[in-house]
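K.L.:
For reference, the structure I am asking about is given below.
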Amino acid sequence: MFTVVVSGLAIGMLYAAVALVYNVMFSTSKVLSVTTGHIAMLGGVFGAWFMTGLHLHWVIGLAGAIAVGALFGGLTELLAIRRVLNRSDEHLWLLSTLALATMVQQAVGLWWGTEPRPFPRLIDQTFSAGALDQKFWLPIALAALMAIGLEVFYRRTLFGKLFLAMSEDAFAARARGVSTDRIRVLSYVLSGALGGLAGFAAGQLTFAYFALGLTLTLNGFIALAVGGLGSNVGALIGGAALGLLNAFASHWFGGSYQQTIAVGLLMVVLLLKPEGLLGSKNVRPV
Amino acid sequence: MTANLRTGIALAVALLLVATLPRWAGDQYQLHLAALICVYWILIAGLNLVVGYTGQLSIGHVGLLAIGAYAFAILAGKMGWHPAAALIAAGALGGLCGLALGLPSLRLPGFYFAMATMAFALIVGEIVLAQVGLTGGGVGLPGPVFPAPFDTPHGFYYLVAALAVLTTWLSWNVARRLWGIGLMSIRDNPVAAQAVGVPLFRAKLTVFVFSGITAGIAGATFSSLQSYITPDTFVFELSLFFFVCIIIGGRGSIVGPFLGTVVLTALPELVAPLAKLGNFFYGLLLLVVVLAVPEGIGRMVEVVIERVRPRVVSNEPIEPDLPRLARAIGAPS
Amino acid sequence: MSSTVSLPVGPAFAPPVAASTQQAAATLEANDIGKHFGGIHALEGVSLQLRAGEVHGLIGPNGSGKTTLLNLLSGYYQPNSGVIRLDGEDLSTATVQHRSRLGIARTFQKPRLLPTLPVLDNAVLGAWPHARAGFLATAFGLPWVGREDRALRARAVELLHGVGLGHVLRRRANLLSHAEQRFLEIARGLAMRPRFILLDEPAGGLTGHEIANLGDVIRTLRDGGIGVLLVEHHTDFVFRVCDRVTTLNVGRVIKHGAPDEVRNDAEVIRVYLGA
């Protein structure tokens, strides 16, 4: 039973991490990017490749995964967001990020293969560790660290405060001399790094799998919407709720209705509280 | 030659081509391809009203296609219904599911709505896979054959071509009348749409249900064409393909998405390396179109023509015709 | 919504009753309206009566609540206190769409058009409230739908010529000059067969000649029995064209009356017009 809880929490924390990435990107661009889940997918796939394909030490694999995530995050902003935000057509960014997400998922599928491939152990541990297996605790610990780190970042660092300023009122921020373009791409690079890190940490849980992109985009979004857009604590709660719900449902009823249950949760929350559990009514979802 | 006469002639020629296609098509394979284009177009013509005209970015229609396909395979196959009845039932079920999906999700803002439709497609896939008794699970079901004269490739082509022409006619009627402008107002300026009395939610739901019906019918004919359907037939990427056909062809047009469908269906078949790239190519194409010509290739052609042969734009001043205005305000229509 | 309100929705081709022969009670009014956004009180105790066949000006400094009042009359906002009435019936909970069917049209401060569609299509969109063709009838190409469509388009053409846009019927809306966009919005509003039309700063960005034309158009509307609410900053224009003027300041009415009265009122001069 404890294993069920821990495994649910672990996958839930991966979803929460994706939701956190959504939040950072949304704060500076008011855009929810379809590529968000794919960043984590890249972290897992490239981490596995660095370690098993290139036989690099896991620390380098980790750094590599973060770098790839950051790169893809920046690429998302430069290609799919920046050029499109100025246009009058409001939802072009949905199309451009969808296009980019498709491209990267298919490209990885062509290169890495369409079967999930194993992700190596980071720390020496037997495979019979049960609920204490690092594949559970790594994502949980990481998500907690990410949330705390973001809080510190927003409150204590100048860049964090610039992010917040942009998120409150981008126009006013620009009027005060803040280079909103640069802040935005920086936020995408940062969130990309975080996403890559999350994918790496959860790699043993999810395996390195090209199709993870879309499922993480969707489930991360569900965690975000349940917890409330703009709230980091909400992201954690939403992710935990989703992960635990899925784990218990699988445990009792078998695992063939994961997606249905997840969406069911989302619909219930949205019907009762459309802005999410901890979302503020003023945050206008796109 | 007036514009109407030109359109009429173009239509007549197009219909002639469609009707005589089996003669000049070449081989069975090309006939099959033509039938596939017709089947896809039945769905896309309906979806076009949702995506291209009303601006609702639905990426989950493969789910409705699957529902239509499985409904047809189960009713006409396992349960022995007459295929015509099963076809109608598939369309009706598609419409019903469109209603069930649209009711909660059409009120949601753009990204939320897109995610909801994507989730729908994934859920349909899950259910189809899990309900082994009904759908055969991973093994799938055979696609029933229509009765004579539609049981030959020629005959089947005429069936789907006729359905495609019908769907085109229905959507074209909506597009060119006031309803089409009303739908586009929802897409381009919902505040203005409200101001003139367009019922935003009801209109969105209406076209969404319509697109569900056409998807259901497309699904039924699809299962027959493919002869065998499994859950793998209905991957999410197919939804993306439908969507891309419309965006690339250009929103607010019937001809554009049709040409988009023809080109994007035929291209991987004709250009082998593209087949391997598959969905990567569609993604790339979508990105290029969105960044460079967001109004679609149709518009790009117009822009090019404009550069080559610019129409002289007169800049006359605004001079009201007050008596005419007074008459228009007070006069009967 | 009470059923005793006379709705100008009838069979598609019956001649509409010209507004000037309707009862003199035709009014759109705001009674003692209060509206606040969070802590900001946009309007307090504001009353305004717009009568058919009359041009009513609404002026005041920026932030005085003019556009808020216009939004309340057209249904985009709900009042926190007070009542909006049409012919005496409470309209406060009626949606924007319902009000369009009751004959309330409006234009926007920044023109809201469909950029990729031609001028004619933009104008005929306004005919929506009294078009009878539903989705199914349209889809199945019933003959009467085509007839209605052609009739609506023909009327839109007349309106466009009427406001002076006959030379750009086929031009894409995003290629129009600013003035042309404003006149197009008015034509669209007129396609709704309104009893009242609320104009939000229609003279913004117009040349003197165009403003004169606008004034002629507004007078023609008034003579046709339409009640016109004119929210404007061009005060000379307002005083020339309006029959009555209401002045707002900081969310309250500070003066109301004939143009000359308002123009010479001490407080209006102090807070808005200047010396």
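Table: residues versus (1) among the small types (Gly, Ala, Ser); (2) crowded, with 19+ Cβ neighbours inside 10 Å; (3) modelled with pLDDT under 95; (4) touching a strand residue (DSSP E or B) at 6+ places or on another chain (Cβ under 9 Å).
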{"position": "C:Leu113", "(1), (2), (3), (4)": "no, yes, no, no"}
{"position": "C:Leu120", "(1), (2), (3), (4)": "no, yes, no, no"}
{"position": "C:Ala127", "(1), (2), (3), (4)": "yes, yes, no, no"}
{"position": "C:Leu136", "(1), (2), (3), (4)": "no, no, no, no"}
{"position": "C:Val145", "(1), (2), (3), (4)": "no, yes, no, no"}
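K.L.:
If I ask for residues that are out of contact with any helix residue (DSSP H, G or I) (no Cβ under 7 Å at 6 or more places or on another chain) and in contact (Cβ under 8 Å) with a residue 40 or more places away in the chain, which ones from segment A:251-276 would you list?
P.N.:
The one that is out of contact with any helix residue (DSSP H, G or I) (no Cβ under 7 Å at 6 or more places or on another chain) and in contact (Cβ under 8 Å) with a residue 40 or more places away in the chain: A:Glu275.
K.L.:
Another one. Restricting to segment C:94-110, give me the number of residues that are touching a residue at least 60 places away in the same chain (Cβ under 8 Å) and out of contact with any His (no Cβ under 8 Å at 6 or more places or on another chain).
P.N.:
Matching residues across segment C:94-110 total 11.
K.L.:
If you go through segment B:198-242, how many residues are assigned to a helix (DSSP H, G or I) and within 14 Å of chain C (Cβ to nearest Cβ)? Let's see the steps before the verdict.
P.N.:
Just the residues of segment B:198-242 that are assigned to a helix (DSSP H, G or I), to begin with: B:200-226, B:231-234, B:236-242.
Adding the requirement that they be within 14 Å of chain C (Cβ to nearest Cβ) leaves B:200-214.
Final tally of qualifying residues: 15.
K.L.:
Considering only segment B:176-205, state which residues are under 17 Å from the mean Cα position of the chain (by Cα) and more than 29 Å from B:Asn4 (Cα to Cα).
P.N.:
B:Lys204, B:Leu205
K.L.:
Right, another one. Where the second residue is part of a strand (DSSP E or B) and among the acidic types (Asp, Glu) and the first is under 21 Å from C:Leu43 (Cβ atoms) and lies in segment C:250-270, which pairs have Cβ atoms under 8 Å and are six or more apart or on separate chains?
P.N.:
C:Gly251/C:Glu44; C:Arg252/C:Glu44
K.L.:
Same structure, new question: Here's a check for you: in segment B:272-302, which residue that is of a type in the set (A, V, I, L, M, F, W, C) and exposed (fewer than 12 other Cβ atoms within 10 Å of the Cβ) is nearest to the chain's Cα centre (by Cα)?
P.N.:
B:Ala292
K.L.:
For the structure I just gave you, tell me whether C:Ala131 is facing chain B (nearest Cβ under 10 Å) and aliphatic (A, V, I, L, M). Don't jump to the end; show me each part of the working.
P.N.:
On the way: facing chain B (nearest Cβ under 10 Å): yes; aliphatic (A, V, I, L, M): yes.
The answer is yes for C:Ala131.
K.L.:
Got at least one residue in segment A:110-118 being among the hydroxyl-bearing types (Ser, Thr, Tyr) and either within 14 Å of another protein chain (Cβ to nearest Cβ) or more than 17 Å from A:Phe26 (Cα to Cα) (or both)?
P.N.:
Looking for residues that are among the hydroxyl-bearing types (Ser, Thr, Tyr) and either within 14 Å of another protein chain (Cβ to nearest Cβ) or more than 17 Å from A:Phe26 (Cα to Cα) (or both), one finds at least one in segment A:110-118, hence yes.
K.L.:
Residues that are among the hydrophobic types (A, V, I, L, M, F, W, C): list the strands (runs of 3 or more DSSP E) wholly contained in segment C:48-132 that include at least 3 such residues.
P.N.:
Passing ranges, in order: C:55-59, C:81-86.
K.L.:
How many residues are farther than 21 Å from A:Leu100 by Cα, surrounded by 24 or more Cβ atoms within 10 Å (Cβ to Cβ) and of a type in the set (Val, Ile, Thr) if we restrict to segment A:196-221?
P.N.:
Going through segment A:196-221 one residue at a time, the tally reaches 0.
K.L.:
Let me ask something additional. Against the condition away from every other protein chain (no Cβ under 14 Å), crowded, with 24+ Cβ neighbours inside 10 Å and not hydrophobic (A, V, I, L, M, F, W, C), how does A:Gly37 come out, does it pass?
P.N.:
The answer is no for A:Gly37.
Conditions (1) over 30 Å from B:Arg251 (Cβ atoms); (2) without any contact (Cβ under 8 Å) to a residue 40 or more places away in the chain; (3) surrounded by fewer than 20 Cβ atoms within 10 Å (Cβ to Cβ), marked per residue:
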position	(1), (2), (3)
A:Gly73	no, no, no
A:Ile81	no, no, no
A:Asn86	no, yes, yes
A:Leu94	no, no, no
A:Leu98	no, no, no
A:Arg121	yes, no, yes
A:Phe136	yes, no, no
A:Ile148	yes, yes, yes
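K.L.:
In addition: Restricting to segment A:134-178, count the residues that are over 26 Å from A:Ala201 (Cα atoms), assigned to a loop (DSSP other than H, G, I, E, B) and of a type outside the set (D, E, K, R).
P.N.:
Going through segment A:134-178 one residue at a time, the tally reaches 2.
K.L.:
Which residue pairs have Cβ atoms closer than 9 Å, lie 6 or more positions apart in sequence or on different chains, and pair a first residue in segment B:269-286 that is more than 12 Å from A:Thr102 (Cα to Cα) with a second residue that is at pLDDT 80 or above and exposed (fewer than 12 other Cβ atoms within 10 Å of the Cβ)?
P.N.:
These pairs meet every condition: B:Glu269/B:Tyr29.
K.L.:
Of the residues C:Leu169, C:Leu199, which is more than 8 Å from chain B (Cβ to nearest Cβ) and under 19 Å from C:Cys242 (Cβ atoms)?
P.N.:
Within the list C:Leu169, C:Leu199, the selection yields C:Leu199.
K.L.:
Here is a check on your reading of the model: is B:Ala161 in contact (Cβ under 8 Å) with a residue 24 or more places away in the chain, out of contact with any His (no Cβ under 8 Å at 6 or more places or on another chain) and over 30 Å from B:Ile229 (Cβ atoms)? Explain how you work it out, then say what you get.
P.N.:
Values: in contact (Cβ under 8 Å) with a residue 24 or more places away in the chain: yes; out of contact with any His (no Cβ under 8 Å at 6 or more places or on another chain): yes; over 30 Å from B:Ile229 (Cβ atoms): no.
So B:Ala161 fails the test.
K.L.:
When you scan segment B:217-227, do you find a residue that is under 17 Å from B:Asn279 (Cα atoms) and surrounded by fewer than 24 Cβ atoms within 10 Å (Cβ to Cβ), even just one?
P.N.:
Scanning segment B:217-227, I find no residue that is under 17 Å from B:Asn279 (Cα atoms) and surrounded by fewer than 24 Cβ atoms within 10 Å (Cβ to Cβ), so the answer is no.
K.L.:
Is it the case, given these coordinates, that B:Arg311 is more than 23 Å from the chain's Cα centre (by Cα) and modelled with pLDDT under 90? It would help to see each step written out before you state the result.
P.N.:
Details: more than 23 Å from the chain's Cα centre (by Cα): yes; modelled with pLDDT under 90: yes.
Here the answer is yes, as B:Arg311 does meet what is asked.
One line per residue, one yes/no per condition, for (1) within 23 Å of C:Leu230 (Cα to Cα); (2) modelled with pLDDT of 90 or more:
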site: C:Val5; (1), (2): no, no
site: C:Ala14; (1), (2): no, no
site: C:Ser20; (1), (2): yes, no
site: C:Ala25; (1), (2): yes, no
site: C:Gly38; (1), (2): no, no
site: C:Gly45; (1), (2): yes, yes
site: C:Val55; (1), (2): yes, yes
site: C:Gly75; (1), (2): yes, yes
site: C:Thr95; (1), (2): yes, yes
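K.L.:
Next question. Just need a number here: residues in segment C:221-240 that are surrounded by fewer than 21 Cβ atoms within 10 Å (Cβ to Cβ) and of a type in the set (Val, Ile, Thr).
P.N.:
Matching residues across segment C:221-240 total 1.
K.L.:
Among the candidates C:His161, C:His178, single out the residue that is surrounded by fewer than 24 Cβ atoms within 10 Å (Cβ to Cβ), over 25 Å from C:Val96 (Cα atoms) and facing chain B (nearest Cβ under 7 Å).
P.N.:
C:His161
K.L.:
Any idea which of (1) modelled with pLDDT of 95 or more; (2) farther than 27 Å from C:Arg150 by Cα; (3) not β-branched (Val, Ile, Thr) is the one B:Ser227 doesn't satisfy?
P.N.:
(1)
K.L.:
Can you tell me which residues in segment B:232-270 are closer than 16 Å to B:Cys38 by Cα and acidic (Asp, Glu)?
P.N.:
Result: B:Glu269, single match.
K.L.:
In segment C:67-120, what residues are closer than 18 Å to C:Leu43 by Cβ, small (Gly, Ala, Ser) and more than 10 Å from chain B (Cβ to nearest Cβ)?
P.N.:
Passing the criteria: C:Ser81, C:Gly82, C:Ser92.
K.L.:
Out of C:Val268, C:Val238, C:Val253, report the one residue that is assigned to a strand (DSSP E or B) and assigned by TED's automatic domain parsing to the domain that holds C:Ser47. Spell out the reasoning first.
P.N.:
Details: C:Val268 fails: assigned to a strand (DSSP E or B); C:Val238 fails: assigned to a strand (DSSP E or B).
After ruling out the rest, the residue left standing is C:Val253.
The values are calculated or read from the model by the stated rules, or taken from the named source; none is laboratory data. On a predicted model such as this, the values are computed, not experimentally measured, just so you know. Cβ sites come from the backbone with ideal geometry, for glycine too, and all protein chains shown count toward neighbours.
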